[in-house]
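Please read the structure below before turning to the comments.
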Amino acid sequence: MIRAIVDAALKNRIFALAVAALLLAWGAFSFHTLPVEAYPDVANNYVNVITQWPGRAAEEVEQQVSIPVETALNGLAHLTNLRSVSLAGLSSVTVIFDDQSNNLQNRQQTLEKLSNVNVPQGLTPSLGPDFSPTGQIYFYTLSSTNPTVDLMGMKALQDWVVSKQLKSVPNVADVSIFGGLTREYQVLIDPNRLVSFGLGIGQVEQSLTNNNINAGGSYIESGAQALNVRQLGLVRDTRDIGETVIKAQNGTPFRLEQIGSVAQGPKIRLGQMGKAIHSKPGEVIDIPEVVEGIVLLRKGTEAQATLEALHKKVQELNDHILPSGVKIVPHLDRSDLVEFTTHTVLHNLGEGVILVSLILLLFLGNARGALIVALTIPFSLLFASICLDLSHIPANLLSLGALDFGMVVDGAVVMVENIIRHLGHKDDKALTVREKISQAAHEVQRPVFYAIAIIITAYLPIFTLQRVEG
């Protein structure tokens, strides 16, 4: 089979060269358009079911939430494993499916099963975001030089503006938020006054709930028009909360401000997010309080196109939407990693071709043979790009960084060296005595060239590493 292919290529040289040129052009186009990911996505198809039950122990969460959810999800199509973690106030059940399943269909059938799950009243199991563990593509923090926007204000911007805008970018599954102070309206009740008015905490909570609602009525006809009637009762600020009537006695209303005070304050926090900037050796800038966000990529989608759209959205937020002095500052961008590593791979590829050409020239003593072997490196890379493009498989930094030039050219070296040896045997009969003496001297010098090549090959990585560190 191989002999037939070689004979056909030698008999039709122009056709073989045309096919090679076509493959090179096709490979160059495929390599240019091939999406490059940072890491291969080897995660299983899975769905995460999360249920919050604040104030409950892990034992109660396991018995009354995790086990009923696992029981309801048994029997799903393509199901392989069920795993659960029960913590204080939190249940997390991970449903793992086989590789032949579709992730969107998995989430749909999981939702259908959860509609029949028997959990305590008031609890609603929900699905986690549809992202892969390698889908954390953009880390950022909010910075503010505006004196009117404090840490609590940045957290409010993160919750109501930034997160909403970033989720509008196609293929963004979710935005995880960390740090900051969550603003809330706090009613600080004096226990002595509460007892003196003959009230309990439950009555105060119920009064606040009943007085924070809009009511709709009928309509009033005015000629050919109908005017809707409604009552606005939603509170707008702390003053409205303080004026809430909690009790009426003998026609005298008692308001909330008479038994306590109302103010805006931070929610009880469970942690703190800080940031340290190592811009120069020995110099560290510590920021004790920051608001951070992580953009999560939807599983199975292309990261590069999503990052390009994300950069445009961040620029729009910084220039037109966020208040003056408030900016989104990225500190880990997947596109930077891909760009730097791709540049390094291409740089090493060029150096590898040159180094292999020189070593082969010394070993073979034939410039044409060394060039033929060296051409197999870019040809193999471009042909692999064609196969990846046809299979719709993106390249990743592990596959690009694992290019081994020695393994690529091994077969070509053996074949070309054998061809040169056979050509040399045919020409030995026509050599003169002087040419034979010169050839013998060349054979003596060849071990010296081998030693030089081995030294260069051994010390070049050390020299390159020192240059990178410098």
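The values are calculated or read from the model by the stated rules, or taken from the named source; none is laboratory data. Note that the coordinates shown come from a computational prediction; the quantities given were computed from them, not determined experimentally. When we count neighbours, we look across all protein chains shown, and the Cβ atoms used for this are built from the backbone with ideal geometry, even at glycine. For accessibility, only protein heavy atoms count, side chains too; no ligands or nucleic acids. Shrake-Rupley method; radii C 1.70, N 1.55, O 1.52, S 1.80 Å.
According to a simple spin-label model (label point 7 Å from Cα along Cα-to-Cβ), what is the distance in nm between GLU339 and ASN192?
Placing both labels 7 Å along Cα→Cβ, they lie 6.5 nm apart.
I'd like to know how the stretch 22-164 sits against the 2.2 N^0.38 Å rule of thumb: what's its Cα Rg over that expected value?
That works out to 1.46 for the stretch 22-164.
Please give the peptides 74-84, 218-228, 38-48 ranked by average Cβ packing (other Cβ atoms within 10 Å per residue), highest first, as a rough proxy for protection.
38-48, 74-84, 218-228
At 0.36 nm per residue, and after removing the present C-alpha to C-alpha distance, how many nm does the segment from ILE2 to PHE15 gain when stretched out fully?
Extra length from ILE2 to PHE15 when fully extended: 2.9 nm.
Please name whichever of SER279, PRO170, LEU10 sits farthest to the positive end of the charge dipole of the chain, dipole taken about the Cα centre and charges placed at Cβ: Lys and Arg +1, Asp and Glu -1.
Farthest towards the positive end: LEU10.
With labels modelled as points extended 7 Å from the Cα through the Cβ direction, what inter-label distance (nm, one decimal) is found for VAL284 paired with LEU127?
Going by the 7 Å Cα→Cβ label model, 4.3 nm.
Averaging over all projection directions, find the projected area of the Cα convex hull of the stretch 163-269 and quote it in nm² with one decimal place.
Average of the hull's projected areas for the stretch 163-269 equals 12.6 nm².
Dividing the alpha-carbon Rg of the chain by 2.2 N^0.38 Å yields what?
1.55
With a 1.4 Å probe and all protein chains left in place, how much accessible area per residue does the stretch 267-402 have, in Å²?
With all protein chains present, the stretch 267-402 gives 58 Å² per residue.
Per residue, what accessible area does the stretch 1-143 have, given a 1.4 Å probe and all protein chains present, in Å²?
The answer is 60 Å² per residue.
How far apart, in nm, are two points set 7 Å out from the Cα along the Cα-to-Cβ line at ASN44 and at LEU346?
Placing both labels 7 Å along Cα→Cβ, they lie 4.0 nm apart.
Rounded to the nearest 0.05, what FRET efficiency do LEU208 and ASP99 give with R0 = 56 Å and r taken as the Cβ-Cβ distance? Could you check?
That gives a FRET efficiency of 0.60.
With all protein chains present, how much of the accessible area of the stretch 127-265 (probe radius 1.4 Å) comes from carbon and sulfur, to the nearest whole percent?
50
If I compute solvent accessible area with a 1.4 Å probe over the protein chains, what percent of it on the stretch 1-106 is carbon and sulfur?
61
Cα centroid distance between the stretch 157-216 and the stretch 61-96, in Å?
One Cα centre to the other: 30 Å.
Run the numbers for ASP319 and LEU34: contour at 0.36 nm per residue of separation, minus the present Cα-Cα distance, in nm.
Extending this stretch completely gives an extra 99.4 nm.
Set the bar at 32 Å for Cα to Cα. Now go through LYS155/LYS280; LYS113/LYS312; LYS113/LYS267 and name every pair that lies beyond it.
Distance filter (> 32 Å) returns LYS113/LYS312; LYS113/LYS267.
Which helices count as membrane-span-like in the chain under these terms: full DSSP H, at least 18 Å along the axis by C-alpha, Kyte-Doolittle mean of 0.5 or more?
What comes out of the filter, once short or polar helices are dropped, is 13-33, 334-364, 367-390.
Please give the solvent-accessible surface of VAL262 in Å², to the nearest 10, using a probe radius of 1.4 Å with every protein chain present.
30
Taking a probe of 1.4 Å, how large is the accessible area per residue of the stretch 147-236, in Å²?
68
Would you mind pulling out the separation of the Cα centroids of the stretch 348-404 and the stretch 247-294, in Å?
What the calculation gives is 58 Å, centre to centre.
Could you order the peptides 299-310, 113-124, 23-34 from most to least packed, using the average number of other C-beta atoms within 10 Å per residue?
Highest mean packing first, the order is 299-310, 23-34, 113-124.
Can you tell me how much longer the chain between GLU184 and ILE420 gets when fully stretched, taken as 0.36 nm per residue apart minus their C-alpha distance, in nm with one decimal?
Length difference between fully extended and current span is 76.7 nm.
If we count every other residue with Cβ under 10 angstrom of SER143's Cβ, Lys/Arg +1 and Asp/Glu -1, where does the sum land?
+2
Which of the peptides 206-213, 102-109, 363-370 is most tightly packed, and how do the rest follow, going by the mean number of other Cβ atoms within 10 Å of each residue?
Highest to lowest by the protection proxy: 363-370, 102-109, 206-213.
Determine, from the Cβ-Cβ distance of GLN249 and ILE220 and an R0 of 35 Å, the FRET efficiency 1/(1 + (r/R0)^6), rounded to the nearest 0.05.
After rounding, the FRET efficiency stands at 0.50.
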